[in-house]
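The values are calculated or read from the model by the stated rules, or taken from the named source; none is laboratory data. Everything quoted here is computed from the prediction, not taken from an experiment. Counting neighbours? That spans all protein chains shown, and the Cβs are built from the backbone with ideal geometry, glycine included. Side chains are part of the model used for accessible areas, which takes the heavy atoms of the whole protein and leaves out ligands, DNA and RNA. Shrake-Rupley method; radii C 1.70, N 1.55, O 1.52, S 1.80 Å.
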Amino acid sequence: MEVSLQVNGERHVVAVPPHRRLLDVLRDDLELLGSKLACGEGACGACAVLLDGRPVNACLLLAAAAEGHAIVTIEGLSRGRAAAVLEAFVVEDALQCGYCTPGQVVSATALLERVARPTRDEIRQAMAGNLCRCGAYPKIERAILRAAAGA
Ligand code: FES
Ligand code: FES
């Protein structure tokens, strides 16, 4: 089947089997490698992308189901709140191996779009679906607070 996807403001028409995941289309067909495959079953958030501004796990979403929605990957996040989040992650050194970082930035950006000055509890709740095997959680939290303070 043919699926028309709007990714980072550009339209892409891809031929995919009905069961193909959005994450695989992004990484393999569109060569957008920022979204990571880790658990592959919706448990870690490494594959998070924005779908109409809300974070979703691209490993759980069929590409066909994303048709008609605005998809933004980490490659499309560079302005506004996303820029503040990216800068804050660097300043706070909020990563170790970096594998979880794209998903963390996607979820943090979505949070700050929704809640300009989140509390620590709100941050923990919003970021609960993003796991970090390196345990960078305290620095990630500080980065989000920093990004919010600078907004
Ligand atoms: S790879 Fe999608 S949630 Fe873990
Ligand atoms: S920085 Fe390594 S998994 Fe988070």
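Miscellaneous remarks
- Criterion (buried (at least 19 other Cβ atoms within 10 Å of the Cβ), within 14 Å of ligand 1 (Cβ to nearest atom) and either among the β-branched types (Val, Ile, Thr) or without any contact (Cβ under 8 Å) to a residue 12 or more places away in the chain (or both)) met by exactly one of VAL105, VAL56, VAL72: VAL56
- Subset of region 1-53 [charged (D, E, K, R) and either open to solvent by less than 40 Å² (accessible area, probe 1.4 Å) or under 29 Å from LEU95 (Cβ atoms) (or both)]: GLU10, ARG21, ASP24, ARG27, ASP28, ASP29, GLU31, LYS36, GLU41, ASP52
- Residues that are within 16 Å of ligand 2 (Cβ to nearest atom) and under 14 Å from the mean Cα position of the chain (by Cα), drawn from region 76-88: VAL85, LEU86
- Residue list for region 108-126, filter: within 19 Å of CYS47 (Cβ to Cβ) and touching a residue at least 24 places away in the same chain (Cβ under 8 Å): ALA108, THR109, ALA110, LEU111
- Residue that is farthest from ALA108 (Cα to Cα) [pool: residues in region 59-69 that are within 15 Å of ligand 1 (Cβ to nearest atom) and open to solvent by 60 Å² or more (accessible area, probe 1.4 Å)]: LEU62
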